[in-house]
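Just below is one structure, and these are the notes that go with it.
The values are calculated or read from the model by the stated rules, or taken from the named source; none is laboratory data. What you are looking at is a predicted structure, and each value in this text was computed from that prediction instead of being measured. All Cβ positions, glycine included, derive from the backbone under ideal geometry; neighbour counts span all protein chains shown. The protein model used for the area step is the full one, side chains on, heavy atoms only, and it has no ligands, DNA or RNA in it. Shrake-Rupley method; radii C 1.70, N 1.55, O 1.52, S 1.80 Å.
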Amino acid sequence: MSEQEYLSRDALRALQSERLVRLVARLYQHVPFYRERMHAAGVSPADIRWIEDLHKLPFTTKDDMRQVYPLGLLAVPLTEIEEIHASSGTTGKPVIDAYTRNDLDIWGEVMGRTLEMGGATSADIIQNAYGYGLFTGGLGVHYGAHNIHATVIPISGGNTKRQLAILQDFGSTVLTCTPSYSLYLAEAAREEGLDPASFKLKYGYFGAEPWSEAMRAEIEKNFGIKAYDIYGLTEIIGPGVASECVEQAGMHINEDHFYPEIINPETGEVLPDGEKGELVITTITKTGTPILRYRTRDITFLIRDKCACGRTTVRMHRLFGRTDDMLIIRGVNVFPSQIEEVLLRFEKIEPHYQLIVDRKDHLDNLEVQIEMTQDLFSDEVRNLEQIERKIEGEIASALGIHARVRLVEPKTIPRSEGKAVRIIDKRKI
Ligand code: DLL
């Protein structure tokens, strides 16, 4: 537990202001990219005195990060960098984060908070099934586990049979991996004749990909655990930006390190609390590759009411999607998570699905492929068709679009050990 999570709003504002002023001075002095950006925006370090002055500063985008690839945002000599991570980046060059000792310490601290927020202690055995490597999930959880002196099993992603053996042999009490992989593990356990609820697991910390409340319910039921949503991104630090407490009512942002704003993605205008928009983050304490007003492309809103857990930090709602993941189907904005919510209301279908978008005669078509349970698979064709039409009806009433729903055989949607692939957009090909 850190006292920074319980500061009064005034004390926090003073701390954030002091940190921002120092950050801007460092960036101006050491990072030519930011000096030029500030000149272009007609702002100098002297104009930034309080956190409220942040809006005067320019945004940083993913494209900016790519243009200065690999180390153009470095604010210290390379000799001070102790570790480098990169996001896989499905398109274009990866984005990187270079950590000084100071940054690695911050990472351990915020990930320690993440684990403690959900209830984990030094007595827990953390089976860390996020990938170790350039991806930030594995080592982020690892440093957090060390921070709280828990036992960490660095098994990394994949190797499902071994995951199951370790869950049983070591009695792991915490599972960390992507939400989709946790469900795959549950399915694999049942195939081996094991009941996933019989493991010793108490908590799971899931993130790195979009998921829904319905999926949380599935995971909690399968393993008999509390499943927490955790958020972060490579450009900022990796996991550790925000996470849920036991209340599971939005993710507390570690805003003494990562200052959040919500903007209108079209105009860049800062929006008031409670309004949905693009999350923008400034890293006010990092020293290796600090970043100013980073446009995450993630869509959420901020929750300022007091949390029953007592922490005073602002919370962010579970992500609604990404500005670049949003499908526009015949003019209607659709996020995969909205479809997931509808699908998981149905029994006899599995939480494994894919959205396939295509364009025919200048019109967009959305097909939702979803796996049925073994049980349903042996049902009559007429029954299956009825269920398909029913799901189509629910999607139409929830989202206002027509999607063709196709139930597919069990185990036909590819499983992933990391982030699940939910969208196949053939329009771009
Ligand atoms: O996914 C960091 C991470 C690792 C977070 C482990 C949580 C757990 P990137 O690979 O750079 O970093 O991907 C970051 O993933 O901008 C979001 O779009 C998405 N994302 C991360 N956490 C969540 C979440 C890691 N809880 C991108 N819910 C972000 C929905 C998430 N999407």
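Of all lysines in the structure, those lying under 21 Å Cα to Cα from K286, and not within fewer than 8 positions of it along the same chain, are K56, K62. By its C-alpha gyration tensor, with a ≥ b ≥ c as the square roots of the eigenvalues, how is segment 161-246 shaped: rounded for a/c under 1.5, else prolate for a/b larger than b/c, else oblate? Cα axes put segment 161-246 in the prolate bin. Shape of segment 1-324 from the C-alpha gyration tensor: prolate (a/c of 1.5 or more and a/b above b/c, with a ≥ b ≥ c the square roots of its eigenvalues).
Excluding same-chain neighbours fewer than eight residues apart, the lysines reachable from K360 by a Cα-Cα span under 25 Å are K390, K426, K428.
Placing a label point 7 Å from the Cα of D324 along the Cα-to-Cβ direction, the residues of segment 233-249 whose backbone N falls under 17 Å from that point are 233-238. Using a probe radius of 1.4 angstrom, the carbon and sulfur fraction of the accessible surface of segment 1-324 is 52%. Taking square-rooted eigenvalues a ≥ b ≥ c of the alpha carbon gyration tensor, is segment 288-365 rounded, prolate or oblate, where a/c under 1.5 means rounded and, failing that, a/b exceeding b/c means prolate? Oblate.
Calculate, for the chain, the solvent-accessible area per residue in square angstrom, rolling a 1.4 angstrom probe over the heavy atoms of the protein chains. Display every interim value, and only then the final one.
Details: 18540 Å² over 429 residues.
Result: 43 Å² of accessible area for each residue.
Measuring with a 1.4 angstrom probe and ignoring ligands and nucleic acids, D305 comes out at about 110 Å² accessible.
When H85, H146, H317, H362 are compared by accessible area at a 1.4 angstrom probe, the order from most to least is H362, H146, H317, H85.
Sequentially through segment 135-147, phi angles give Karplus couplings (6.51, -1.76, 1.60; θ = phi - 60°) of 4, 7, x, x, 5, x, 5, 4, 5, x, 5, 4, 4 Hz, Gly and Pro residues having no value and appearing as x. Segment 378-429 and segment 323-353 have Cα centres spaced 9 Å apart.
Using heavy atoms of the protein chains and a probe of 1.4 Å, the accessible area assigned to H39 is about 110 Å².
Using a probe of 1.4 Å on the protein chains alone, the accessible area found for F335 is around 20 Å².
In the chain, the DSSP-assigned H stretches of four residues or longer account for a calculated mean residue ellipticity at 222 nm of -9500 deg cm²/dmol, using -39500 (n - 2.57) per stretch and the full residue count as denominator.
The order of I236, I96 by accessible area, most exposed first and with a 1.4 Å probe, is I96, I236.
Here is the tail figure for segment 327-428: Cα pairs spaced more than 18 Å apart come to 46 percent of all pairs.
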